[in-house]
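A quick write-up on the structure given underneath.
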Amino acid sequence: MASELNQVELDITKEIINIGIAKAADSFSFFIKGKVMIRLLEIKVNFENSFPLSRKYLTSKNYLLKTTIKGELKGEAYLLLNEQEAEKIVDANLPDSIKNNPVEKANMTEAFLLEIDNIITAAVITQFSNIFQRKIYGDVPSLNILEGDEINQFLSVNRNKDLNVIYFNARFITENTEINPEFIWLMDDTFFEEVKNVLSNEKKLELFQKLNKIN
């Protein structure tokens, strides 16, 4: 389905993702404790169902968070952070007593990242739901800690191969820190049917334009 999108529909898809990621940045600002500027670096849609991997994730520890998308649109949402990015986020929120205790910090890091993924993914899903006028929600997120060279293999084995791939990465910038998470979203054909519907449905197009203007 994604490969059948024309250029206008692909542009709409990218703008819808822009709206979602902008909302995610607003939610993320709570954890970073500061205003977040966002720069969307790259979006790829259904690029032969392969998984790109940024070179910077070839580190000893990476956090791959997954949320299953349910409701009137099905999918899987992955958020990928490396160890340094996770540490920046966690250190901005933990007291020194925990940051200086490796065991407690490790436990808190996992719990904290799960909560972050829950909120960020929910923010994107909410925007999709608003634009498409469909009931969509995310299940409880899960976390896998992987070596850099294990990520693509893990995704290839565990992903739903009937879903279309949407890949995007963004730079989240604050006064004191910067992170560059990767997002890998696997969506069913309904997502792309709704993209087409936005263009043909006057009310949905008006809502999309309104949200796009706000963001």
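The values are calculated or read from the model by the stated rules, or taken from the named source; none is laboratory data. What you see is a predicted model; the values in this text were computed from it and never measured. Quick reminder, even Gly has a Cβ in these numbers, built from the backbone with ideal geometry, and neighbours come from all protein chains shown. The area values use the complete protein model at the heavy-atom level, side chains included, leaving out ligands, DNA and RNA. Shrake-Rupley method; radii C 1.70, N 1.55, O 1.52, S 1.80 Å.
Quick look at the numbers
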| read-out | value |
| --- | --- |
| Relative contact order [Cα under 8 Å, 6+ residues apart], the chain, whole percent | 34 percent |
| C-alpha long axis of helix 189-200 to longest principal axis of the chain, angle in ° | 50 degrees |
| Listed peptides 158-168, 68-78, 200-210 by packing density, highest first (mean Cβ within 10 Å) | 68-78, 158-168, 200-210 |
| Residue-averaged 222 nm ellipticity for the chain, from DSSP H runs of 4+ at -39500 (n - 2.57), nearest 500 | -15500 deg cm²/dmol |
| Tail weight of P(r) past 27 Å, computed on alpha-carbon pairs of the chain, percent | 30 percent |
| Charge dipole (debye, nearest 20) of the stretch 84-198; +1 at Cβ of Lys and Arg, -1 at Cβ of Asp and Glu | 360 debye |
| Accessible surface, the chain, averaged per residue in Å² (probe 1.4 Å) | 49 Å² |
| Cα-Cα over 23 Å, subset of LYS161/LYS213; LYS66/LYS203; LYS14/LYS135 | LYS161/LYS213; LYS66/LYS203 |
| Whole-percent carbon and sulfur share, accessible surface of the chain, 1.4 Å | 47 percent |
| Angle in degrees between helix 202-214 and the longest Cα principal axis of the chain, rounded to the nearest 10 | 30 degrees |
| Cα-based helix-to-principal-axis angle, 7-32 vs the chain, degrees rounded to 10 | 30 degrees |
| Furthest towards positive pole of dipole, LEU113, GLN209, ILE16, structure part the chain, Cβ charges | GLN209 |
| Top positive-direction residue, dipole computed over the stretch 166-214 with Cβ charges, set ALA170, ASN197, PRO181 | ASN197 |
| Simple Cβ-charge dipole of the chain, Lys/Arg +1 and Asp/Glu -1, about Cα centre, in debye nearest 20 | 460 debye |
| FRET E, pair ASN152, GLU87, Förster distance 41 Å, beta-carbon r, rounded to 0.05 | 0.95 |
| Cα gyration tensor shape for the stretch 154-194, rounded if a/c is under 1.5, else prolate or oblate | oblate |
| Length added when fully stretched, ASN176-TYR137, from 0.36 nm per residue minus Cα-Cα | 10.8 nm |
| The stretch 103-179: C-alpha gyration tensor shape, a/c 1.5 cut-off, then a/b vs b/c | oblate |
